[in-house]
Amino acid sequence: MYHVKLNNSTARVLFLGNNDESTDQQILKLAKEHNTINHGLVIDSEVVPDQPGFYHTTVVDIPWGNLISFASKFDLIVMLDQPQAQWSHWKCMQATFKLMVKLEQMGCDTVFRDNKNIKKISYWSNLVYKENKSFCIYPWINFFNDGKELKLCSRADTAVTKIDQFQDWESDPNYAQVRNSMLQGHKLPEHCRVCYSYEDHGIESYRQFETMDWAVQLDLETVKDLEKIQRPYYYEIHTGNHCNIKCRGCQPAFSEPIGKELKKFNIVTPDVMKWTPGTSTIDQIDIDNLDSKSTVYFQGGEPTIMPEVLDFMKQCIAKNQTDFNLSMCTNGVKFSDEFLETVSHFPNTNFSFSIDGYTKVNDYWRSGSKWDRVIANAHMVQNLGHSVSINTVPGIYNVTNLHLLFEFLDREFPFTAIYLQINYLPWQSAFNHPDKDLVIESMLKCMQTSVYHSNGKSCKSGIDSIYNHYNNNPVCDLKNLNDFFAYNDQLDRARGTKLADYIPELEAARSYISEYK
Ligand code: SF4
């Protein structure tokens, strides 16, 4: 299948494949067939491919961003047509596909569209990015019970049904209605406003990347295969607001200490805060039916200090049911010995570390967090064999200095996926900083990093969206900026901190509100 494009004897060809020996053998064979040299596996993106012949590498040998610049030095880039089962993880196959799409968009000469093993990835990609702006896989797989109602996911605004009215996963009429609407492409703003808002800003949404991930993970060919799904595969669990830090963008529903502080200091908030925490319980999880395709995701508060999470893990261990994907967000501040020992029984874990700025910016925004300790803990859990991803919220605190975090992550976590989660609180929005030049400078520096291209979620599209926004000469909403300073000053007084000591450029932006007042 490759012969037409490979026959140029002076061409330098890069093959991307899985990371086992079959790739080496396949390239050796192809090189012989095409009477050219096999230069072997490349693991250093600085290598200059100055000789004709075949080279190969993988997404686990060279960080994603570096791979883009490295691959663009070749005359032709080929994705090997290897079955999903031959990849060490479906994510590597999907990441390679996404990389090929990016190289294709950049105008590189690529060969992968006719691969039979990527047909289903192409199908789902076309569906959610082009053909159907409503479809999301969650109504078929995500069981999200907030303690009172069932919703499509933790971002959904309204309930699909009440718990006592819910029938069963396959046939519940309320779920059936949502599923049919999505299949027909009818948008559901009452449920999915958040994802539509991401997409309106040009940012990749959960709807898009979660559907892509789950379709590959569950090995689904087309929407027809959804009919075979009989049970939830994904549990989003939001069990209370037990937390040990007080992020400035957070709310009492997610951090109990914030609620206490707001009350103690009579802090006036710019808008109504969410006070009622989720009350999902671990009893909702059908432990006996968890398998290697299932995921249980604990949200915060801080799951690593929640007794319920520990209890859930112990129940799973007692039932010898640990071979599923266990995922949780964490502020990374502290991991107890008991927690680490218990989670060590689970072979497929991911910790999504929330890190919102470089050094002081992180510690200011995420009050109670200590940069050095969080970074040491991220390395520690990685060294214990757990997977780590980074979750970052662009907002008014970091939108002028985000590049410092990206540059750090390039140095310290080059293979780690970065997820950007946009803060849309109007008074903390990444889209309402008054100094557009500073933001543009920071975004341009982010674009120079490798992690900007990481296979994370909304990462590149999030940075691009902020950059495009500020390039269009936006008008800063001074009321929202005034609300920001009014709220943040109250927090500073309560916490004995000063914005100028941590983010001087944001303190300088205070001058813009004098005309508002
Ligand atoms: S489209 Fe977005 S908000 Fe709606 S269910 Fe999917 S992930 Fe949730």
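Please treat every number below as a calculation from the coordinates, not as lab data. Fair warning: this is a prediction, and the values are worked out from it, not measured in the lab. Quick reminder, even Gly has a Cβ in these numbers, built from the backbone with ideal geometry, and neighbours come from all protein chains shown.
In nm², what is the average projected area of the convex hull enclosing the Cα atoms of segment 3-114?
Hull-based average projected area comes out at 6.2 nm².
Provide the three semi-axes, in whole Å and in decreasing order, of the ellipsoid equivalent to segment 128-227 as defined by the square roots of 5 times the Cα gyration tensor eigenvalues.
21, 17, 12
Count charges around ASP437 for me, please; just the other residues with Cβ under 14 Å from its Cβ, Lys/Arg as +1, Asp/Glu as -1.
Around ASP437, the charge tally is -1.
Along its three principal axes, how long is segment 149-302 when you only count alpha carbons? Whole Å, largest extent first please.
Taking max minus min along each principal axis of the Cα atoms, segment 149-302 gives 56, 39, 29 Å.
Neighbouring Cβ atoms within 10 Å as the yardstick, rank GLU412, GLU204, GLU21 fewest first.
Going from sparsest to densest Cβ surroundings: GLU21, GLU412, GLU204.
Taking every Cα atom in segment 234-513, find the radius of gyration and the maximum pairwise distance Dmax, and write them in Å.
19.3, 61
What FRET efficiency comes out for GLN105 versus LYS263 if R0 is 45 angstrom and r is the Cβ-Cβ distance? Round to the nearest 0.05.
0.30
Normalised by the empirical 2.2 N^0.38 Å for globular proteins, what value does the Cα Rg of segment 439-517 take? List each step's numbers first, then the result.
Values: Rg = 15.7 Å, N = 79, 2.2 N^0.38 = 11.6 Å.
For segment 439-517, the normalised Cα radius of gyration comes out at 1.35.
Just to be sure I follow: if Rg is taken over the C-alpha atoms of segment 233-386 and Rh is the Kirkwood radius over the same atoms, what is Rg/Rh?
Using Cα coordinates only, the ratio equals 0.99.
State, to one decimal in nm², a quarter of the convex hull surface area for the C-alpha atoms of the chain, i.e. the direction-averaged projected area. Please list the in-between numbers first.
Values: hull surface 99.5 nm².
Averaged projected hull area, Cα only: 24.9 nm².
Add -39500 (n - 2.57) for each DSSP H run of 4 or more in the chain, then divide by its residues: what number comes out at 222 nm, to the nearest 500 deg cm²/dmol?
So the helix-based figure for the chain works out to -11000 deg cm²/dmol.
Counting every Cα pair in segment 48-94, what percent are over 16 Å apart?
Of the Cα pairs, 45 percent sit more than 16 Å apart.
Where does each of 254-260, 381-387 land if you order them by average Cβ count within 10 Å, highest first?
The packing order, highest mean first, is 254-260, 381-387.
Can you pull the Kirkwood radius for segment 90-184, inverse mean 1/r over Cα pairs, to one decimal in Å?
The answer is 15.8 Å.
Quick check: the distance between the Cα centres of segment 405-473 and segment 265-301, to the nearest angstrom?
27 Å
Would you mind computing Rg(Cα) / (2.2 N^0.38 Å) for segment 380-517, counting N as its residues? Don't skip to the end; give the middle numbers.
Details: Rg = 16.1 Å, N = 138, 2.2 N^0.38 = 14.3 Å.
The value comes to 1.12.
What ranking do 389-400, 231-242, 36-47 get when scored by the average of other Cβ atoms within 10 Å per residue, highest first? Mind showing how you got there, number by number?
Numbers: 389-400: 24.5, 231-242: 21.4, 36-47: 15.1.
So the peptides 389-400, 231-242, 36-47, ranked by packing, come out 389-400, 231-242, 36-47.
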